[in-house]
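This report refers to the structure that appears directly beneath it.
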Amino acid sequence: MVKKPLLFIFCLILMQNFSYAAAVPPKPKTSELAPAPDFMLLDLEGKEISLAALKGKPIILFFWTTWCPYCRGELKELNDKQAEISRNDTQVLAINIEEPAEKVGRFMNNRLVFYKVLLDKEASVANSYSVIGVPTYVYINKAGYIASSSNYFSHSKYEDIALK
């Protein structure tokens, strides 16, 4: 008599696990991913940098501002991981949103960085990537598709674009 209630509870637990597994969407294939919008921005030295020029390489776009305390931590994190990131030919572009070149230059003067800092003066690139807050990372795979995005550096998302 005790066996039937235990069997019923076991079946309920099993059904819940299967229904959860069925509800998790499968990872999208490259053909289902959105292509990364191309752009051309100036770096701090006034040189034009385009996304198209980096095609075939994994890319991390990092959208940030000087006034964001979380961005400062993420800039340091990116710098600390740059040796590892560059081993896989991954390119990092730190895109400052809507701040004057002079202000960004002064901010970066005291920081040694190993990646390109770009200026999105009118937030047109941030808007094309649907950035709604900073910090924001956008991970672009070698084929030029947006693989994912997050608000902090994700090692697994980085590996997803760099090692595949």
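The values are calculated or read from the model by the stated rules, or taken from the named source; none is laboratory data. Since this is a predicted model, take the numbers as computed values, not measurements. As a convention, Cβ positions derive from the backbone with ideal geometry for all residues, glycine included, and neighbour counts pool all protein chains shown. Heads up: the accessible areas ignore ligands, DNA and RNA and are worked out on the full protein's heavy atoms, side chains in. Shrake-Rupley method; radii C 1.70, N 1.55, O 1.52, S 1.80 Å.
Of all the residues that make up segment 113-139, how many are closer than 24 Å to Ala53 by Cβ, aliphatic (A, V, I, L, M) and open to solvent by 20 Å² or more (accessible area, probe 1.4 Å)?
Total satisfying the criteria: 2.
How many of the residues in segment 82-112 are modelled with pLDDT under 95, part of a helix (DSSP H, G or I) and either open to solvent by 20 Å² or more (accessible area, probe 1.4 Å) or not hydrophobic (A, V, I, L, M, F, W, C) (or both)?
Number of matching residues: 6.
Given the residues Tyr129, Tyr139, Tyr152, which is the only one that is out of contact with any Leu (no Cβ under 9 Å at 6 or more places or on another chain) and under 14 Å from Ile60 (Cα atoms)? Talk me through it step by step, then tell me what you get.
Working: Tyr129 fails: out of contact with any Leu (no Cβ under 9 Å at 6 or more places or on another chain); Tyr139 fails: out of contact with any Leu (no Cβ under 9 Å at 6 or more places or on another chain).
Result: Tyr152 is the single residue among Tyr129, Tyr139, Tyr152 that is out of contact with any Leu (no Cβ under 9 Å at 6 or more places or on another chain) and under 14 Å from Ile60 (Cα atoms).
Read through the list (1) at pLDDT below 95; (2) on the phi > 0 side of the Ramachandran plot, then give the number of the only condition that Gly144 fails.
Of (1) at pLDDT below 95; (2) on the phi > 0 side of the Ramachandran plot, only one is false for Gly144: (1).
Return yes or no: is Phe18 modelled with pLDDT of 55 or more and either open to solvent by less than 70 Å² (accessible area, probe 1.4 Å) or not aliphatic (A, V, I, L, M) (or both)? Reasoning before the result, please.
Details: modelled with pLDDT of 55 or more: no; either open to solvent by less than 70 Å² (accessible area, probe 1.4 Å) or not aliphatic (A, V, I, L, M) (or both): yes.
For Phe18, the condition - modelled with pLDDT of 55 or more and either open to solvent by less than 70 Å² (accessible area, probe 1.4 Å) or not aliphatic (A, V, I, L, M) (or both) - is not met.
I need the full set of residues from segment 119-164 which are in a helix (DSSP H, G or I), among the small types (Gly, Ala, Ser) and touching a residue at least 12 places away in the same chain (Cβ under 8 Å), in order please.
At the first step, the residues of segment 119-164 found to be in a helix (DSSP H, G or I) are 124-128, 155-162.
Filter once more, so that each one left must be among the small types (Gly, Ala, Ser): 124, 126, 128, 156, 162.
Hits for segment 119-164 are Ser124, Ala126, Ser128, Ala162.
Looking only at segment 38-81, which residues are surrounded by fewer than 16 Cβ atoms within 10 Å (Cβ to Cβ), out of contact with any Phe, Trp or Tyr (no Cβ under 6 Å at 6 or more places or on another chain), assigned to a helix (DSSP H, G or I) and not aliphatic (A, V, I, L, M)?
Passing the criteria: Pro69, Tyr70, Gly73, Lys76, Asp80.
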